[in-house]
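Laboratory data are not the source of any read-out in this text; all were calculated from the coordinates shown. The model shown is predicted, which means the values in this text are computed figures rather than measured ones. Here the Cβ positions follow ideal geometry from the backbone for every residue, glycine too, while neighbour counts run over all protein chains shown.
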Amino acid sequence: MKKLRWGSFILGSLVVSFLFACSGKKELKLYKMTGATQGTYYAITYCADNNENLQPAVDSLLRHFDQSVSTYIPTSLISRMNNNDTTATADQIYETVFKKSMEVSAATDGAFDITVGPLVNAWGFGFSKKANVDQAMVDSLLPLVGYRKVQLLKGKLIKADPRIRVDFDALAQGYTSDWLAEFFESKGIHDYLIDVGGEVLGRGLKPDGQQWSVAIEMPAKNSEDERKVQTILSLKDKAISTSGSYRKYYELNGSRYSHFIDPFTGYPVKHSLLSVSVLASDCITADAYATAFMVMGLEKSKVFLVNHPEMQAYFISDDQKGGFAIYYTPGFEQLLKKN
C-alpha cells in the first residue's frame, strides 16, 4: 500500500475536505473519525441516528484490507502471490482490484500497468534507493513489465515470468474508500464523506440540502512548499482522486524526473502536466484513471475523455511561463464553486 500517500501522489495529491453536516433527515447527528492506515491518514464524516462507535469496526476493516493488497506487509496475499507462494489464493478484495486493473489497462492501451513496479523501484520511487539507471538496466527490466503477462485464474496469479510482481498502489486506496462506503451503507448510513489518503467519496447531502465541498490542491513549485487550494467543487454521489507529479520527484543535471513511469519506454514521463483530478461514480475508477492520465499526458487524456463522458477531469499544466494552464471537461465545470 502507498506510504505517506498525501505527499507521494502515486494516486493522488491532497484533497482537502470541507466538512459540514448531514442531509436534512430527522434526528440524524454528525459524527467524525480519523486515523492512520496504509502509511497515510483516513478521515470520515457521517450522519447517523445513534451514537454507536463505528471506529473499531472501521479500523478492523482497514487491517483486513492491508492483509489482502498491501505490498508493505510480507504476509499479505499480494506479497505471497508476488513471491510465488502457490498456497495463496485471492480473496474478494484482491480479485476486485486485479479485475479493475486489467480493465483500465486495456482501456488505456497499457498506460496503466500494475507490473511497472521494477522500474519504479529502479528509479528510486519504490522500496529501494535509486539505482544508476542506464539503458541497459531499463532493457533488462522491461521484459518484466506488461499487464498482459499476468492473469488471475481460479484465484491464482499466473505470471509469464516468476520474477514479475504486481502492485496495486495506483488504485487500492481508491477501492478502500469504496469498500468503507459499503460498510456504512450496510449500517443504514447514507450521508458521508470518506477520505483515505486523498481518495474521496461523498454520498448524501448536508442538512441544508447542499452538497459536500472538497478542494483540489494547487501544484507546488517545490515538494516542501506550503499546500494551497487551487479550486473548490461540490461533490454528491461521486468520487474524486487527484494525481500529481510535483511532490514526488528528483532532479538530475537540471532535469526533473517524475515518479510516473512510462511502461513502454521504462523512463519517467516528461510532459507539462502537473496534476489531474478525476471525477467518477466510484473511487477505484477515479484513482486508477488519475494515474493513467498522468502517464498519458493532457492531449491523449482529452481524447480519451471525449469517448468516456461517464468521467470528468480537471487538469493543471505548467504553462512554461511560471504559471499554470487549466483545462477541465464541461461536466467538471458544472461542479466548480464560484468565488
Nearby aspartates and glutamates by direct alpha-carbon distance to Lys156 (threshold 14 angstrom, same-chain neighbours under 8 apart not counted): Asp85, Asp91, Glu95
statement: Too long for a 18 Å Cα-Cα cut-off, among Lys99/Lys159; Lys29/Lys206; Lys100/Lys149; Lys238/Lys300, are Lys238/Lys300
query: Tell me, how many Å apart are the Cα centres for segment 268-282 and for segment 131-160?
result: 24
statement: For Lys270, the aspartates and glutamates lying under 15 Å Cα to Cα, once residues fewer than eight places off in the same chain are dropped, come out as Glu251, Asp262, Glu299, Asp318, Asp319
field: Additional length obtainable on full extension of the chain from Asp109 to Gln135, 0.36 nm per residue less Cα span
entry: 7.0 nm
field: FRET E, pair Lys149, Thr87, Förster distance 30 Å, beta-carbon r, rounded to 0.05
entry: 0.85
message: Calculate the FRET efficiency for Glu185 and Ala36 from the Cβ-Cβ distance with a Förster distance of 25 Å, rounded to the nearest 0.05.
response: 0.55
- request: Set the Förster radius R0 to 51 Å, insert the Cβ-Cβ distance between Tyr267 and Glu27 as r into 1/(1 + (r/R0)^6), and round the FRET efficiency to 0.05.
  value: 0.35
- prompt: aspartates and glutamates within cross-link reach of Lys32: Cα-Cα under 20 Å, excluding same-chain residues under 8 positions apart?
  reply: Asp49, Glu52, Asp59, Asp178, Glu182, Glu185, Asp191, Asp195, Glu199, Asp208, Asp237
